[in-house]
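Let me begin by presenting the structure, written as structure tokens, before commenting on it.
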Amino acid sequence: MPDGSGWLGWCAPGALAVLVALAVDHWAGEPPMRWHPVVWMGKALGWFGPRIAPKAETGRDLKSFWLAALVWWALTAIVLIVSFALQNAVAQAVQHLQLPMWSAGLLLGLLLKPLLAWRMLRGEVQAVEAALGQSLAAGRARLAWLVSRDVAQLTETQVRESAIESLAENLSDSVVAPLFWFAVAGLPGAALYRLANTADAMWGYPGVRGSGDAARYWQWAGKWAARADDVLSWLPARITALLLALWAAGLSVRTLAREAQQTPSPNSGWPMAAMALALGVRLGKPGIYQLHAAGRAATATDTVLACDLASKVVVAIAALSLVAMISIVFL
């Protein structure tokens, strides 16, 4: 049994951990909120947020920028220390108790599972489609659980488009990126990514968020979180897009890149554009951007196809992670 001091020694159990994490996700879904590490991250970010961002719009606010960056790094340090300690504790327990190698993969997989969320993502998208089958109002209400945009004026097609877009974007954020960073840096890598992505979701959108006394201005306070997530998501977003594109016959990387640039985000446009092109549908945010404008309107069948396509990407990224980690063992 490797001593666990480096990630190289964890490649074999790490490969098993990927399978365990996805199996637990498939059969059990998310752990209770009180035990969920991403929920803990969100609570910490939520506590610091009102103490960092100003209540009113400001000009160039370097104080808020650097204060938010300092808190981000402090929380990052805590997450890295805790996740490394847990990974090392598994190594020590397996070594001292002389347990078989697979037990390390099992324990590590249980720790990895809360850092990815495929079953929940797919279920939420399917729930939007089911709600649309009842009424437009029900579909809008269900979509509001999934996206941050204003849903009050969306048509049925736009509600469906938004759900499919969210599926594509979060396929990268909630599955591909955590597995990518796990393969690169073990449990600390996956945990760091989920903190960065959660911070971006809570702090990274510019302008005023919230209302009344809870309203805060994030133009400067959220810049560090947004840029950190951009960096960590850059490669996973493009991997997700390329895996989606594999299932679209004749789709060129040049066409994909051109469509991806229609969105303000440097990353989220890639998986969303790939999904639009793969399905042959239009996707967009009213008044902001439109992907694959020549495509047709999305139908209920496209939601099913989108979920099936995303499932294939999950299988593909799991296989790539396994190959990458197992290959290192034999190199």
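The values are calculated or read from the model by the stated rules, or taken from the named source; none is laboratory data. All values derive from a computational prediction rather than experimental measurement. For neighbour counting, all protein chains shown are included, and Cβ atoms are generated from backbone atoms with ideal geometry for every residue, glycine included.
Per-structure values
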| quantity | calculated |
| --- | --- |
| Options Leu171, Leu110; residue that is of a type in the set (A, V, I, L, M), in a helix (DSSP H, G or I), at pLDDT 95 or above and in contact with a helix residue (DSSP H, G or I) (Cβ under 6 Å, 6 or more places away or on another chain) | Leu171 |
| Condition met for Arg149 (basic (Lys, Arg) and either within 29 Å of Ala316 (Cα to Cα) or in a helix (DSSP H, G or I) (or both)) | no |
| Enumeration of residues in segment 22-52 that are under 24 Å from the mean Cα position of the chain (by Cα), surrounded by 13 or more Cβ atoms within 10 Å (Cβ to Cβ) and aliphatic (A, V, I, L, M) | Leu22, Val24, Val38, Val39, Met41, Ala44, Leu45 |
| Search result, residues across segment 114-142 that are charged (D, E, K, R) and either closer than 18 Å to Leu305 by Cβ or surrounded by fewer than 20 Cβ atoms within 10 Å (Cβ to Cβ) (or both) | Arg119, Arg122, Glu124, Glu129 |
| Residue match in segment 316-323 (condition: of a type outside the set (A, V, I, L, M) and over 14 Å from Ala163 (Cα atoms)) | yes |
| Test: residue in segment 116-128 that is out of contact with any Leu (no Cβ under 9 Å at 6 or more places or on another chain), under 30 Å from Gln158 (Cα atoms) and part of a loop (DSSP other than H, G, I, E, B) | yes |
| Of all residues in segment 150-192 being hydroxyl-bearing (Ser, Thr, Tyr) and touching a residue at least 60 places away in the same chain (Cβ under 8 Å), the one that is surrounded by the fewest Cβ atoms within 10 Å (Cβ to Cβ) | Thr157 |
| Answer from Glu30, Glu57 - the residue that is of a type in the set (Asp, Glu) and modelled with pLDDT under 95 | Glu57 |
| Residues within segment 207-226 that are in a helix (DSSP H, G or I) and either buried (at least 21 other Cβ atoms within 10 Å of the Cβ) or within 22 Å of the chain's Cα centre (by Cα) (or both), tallied | 4 |
| Residue within segment 310-323 that is modelled with pLDDT under 95, surrounded by 14 or more Cβ atoms within 10 Å (Cβ to Cβ) and not in a helix (DSSP H, G or I) present | no |
| Neighbours by Cβ (under 9 Å, 6+ apart or cross-chain): first from segment 255-270, surrounded by fewer than 16 Cβ atoms within 10 Å (Cβ to Cβ); second in a loop (DSSP other than H, G, I, E, B) and β-branched (Val, Ile, Thr) | Pro264/Ile288 |
| Residue match in segment 47-60 (condition: of a type in the set (Val, Ile, Thr) and not in a helix (DSSP H, G or I)) | yes |
